[in-house]
Amino acid sequence: MRTSRRVAYGCLTLGRRPGPRPGFCRSRTIARMQLAIFRSPELSPGGRLIERTAVRGVLFRGPDLLLLSSRHGDYKFPGGGVEPGESFEGALQREFREECGYDAVAVGAELATTREEVAAIDPEYDVFGMTSYYFECSGGAPLGEQQLEGYEAELELTPSWVNVEAALAANRRVLASGVGVMRWLVREIAVLEWLSGRSR
């Protein structure tokens, strides 16, 4: 995944989704929401679609979130793609170990989803579609060792405990600068804005 100055999406905020996802309980205090759909404007309707499902963790310690900071100064939620045969819970626990060096993270209620559709890199497809499921998490024991993939190491992803408002402000600054803008930045801003609104 490379940096790009072109992160232009159409954004549609949606309402409450019906019913909890099988295998996951509804939080007593937080309703599951489909927060937004992000679609690159240059995509043609009806293109060949490749799908990816991702899981991402929302882990608070007091007022602070466990996020991954990059060398560009932005923040992203821990998480990534669900591999074949993995459960959502297992995939997210693996991502916490690999990206943050945190073990034994408890995965709780599904909080929200986002949807992204961008141009596919694979020439056999036209559209890369990804649905991200965000889960409320707790606990976790720091192991102190990350296992980053190539692009993650290149971005110098580092686990950081950071206030929601500070992370949101940092992401907005990076987006406005147009330098080091990753595809996930708009998505993570939408989720951070939602979390910020809940805390008021």
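The values are calculated or read from the model by the stated rules, or taken from the named source; none is laboratory data. Owing to the predicted nature of the structure, the values given are computational and were not obtained by experimental measurement. Positions of Cβ are generated from backbone atoms using ideal geometry, with glycine treated the same way; all protein chains shown enter the neighbour counts.
The table for this structure:
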read-out	value
Test for residue 108: is it part of a strand (DSSP E or B), at pLDDT below 95, of a type outside the set (Phe, Trp, Tyr) and surrounded by 14 or more Cβ atoms within 10 Å (Cβ to Cβ)	no
The lone exception for residue 155 - which of (1) out of contact with any strand residue (DSSP E or B) (no Cβ under 6 Å at 6 or more places or on another chain); (2) crowded, with 18+ Cβ neighbours inside 10 Å; (3) at pLDDT 95 or above it fails	(3)
Complete set of residues in segment 19-53 that are among the hydrophobic types (A, V, I, L, M, F, W, C), assigned to a loop (DSSP other than H, G, I, E, B) and either in contact with a Phe, Trp or Tyr (Cβ under 9 Å, 6 or more places away or on another chain) or at pLDDT 75 or above (or both)	24, 43
Cβ pairs under 7 Å, 6+ apart, first in segment 180-200 and modelled with pLDDT under 85, second in a helix (DSSP H, G or I)	180/174; 181/174; 181/175; 199/164
Failed condition for residue 77, given (1) among the aromatic types (Phe, Trp, Tyr); (2) under 25 Å from residue 181 (Cβ atoms); (3) without any contact (Cβ under 8 Å) to a residue 60 or more places away in the chain	(3)
Residue check, residue 165 among the charged types (D, E, K, R), modelled with pLDDT of 95 or more and either surrounded by 19 or more Cβ atoms within 10 Å (Cβ to Cβ) or in contact with a strand residue (DSSP E or B) (Cβ under 9 Å, 6 or more places away or on another chain) (or both)	no
Hits in segment 113-158 (condition: among the polar types (S, T, N, Q) and part of a strand (DSSP E or B))	113, 114, 131, 132, 138, 158
All positions within segment 111-143 that are crowded, with 23+ Cβ neighbours inside 10 Å and of a type in the set (Val, Ile, Thr)	114
Qualifying residues in segment 75-105 (those that are out of contact with any Lys or Arg (no Cβ under 9 Å at 6 or more places or on another chain) and part of a loop (DSSP other than H, G, I, E, B)) - the one nearest to residue 151 (Cα to Cα)	101
Pair list, Cβ under 6 Å, 6 or more apart: segment 91-106 residue within 20 Å of residue 155 (Cα to Cα), other residue at pLDDT 95 or above and assigned to a helix (DSSP H, G or I)	102/96
Selection within segment 159-200 - within 17 Å of the chain's Cα centre (by Cα) and either part of a strand (DSSP E or B) or among the β-branched types (Val, Ile, Thr) (or both)	159, 160, 161, 162, 163, 164, 174, 181, 186, 189, 191
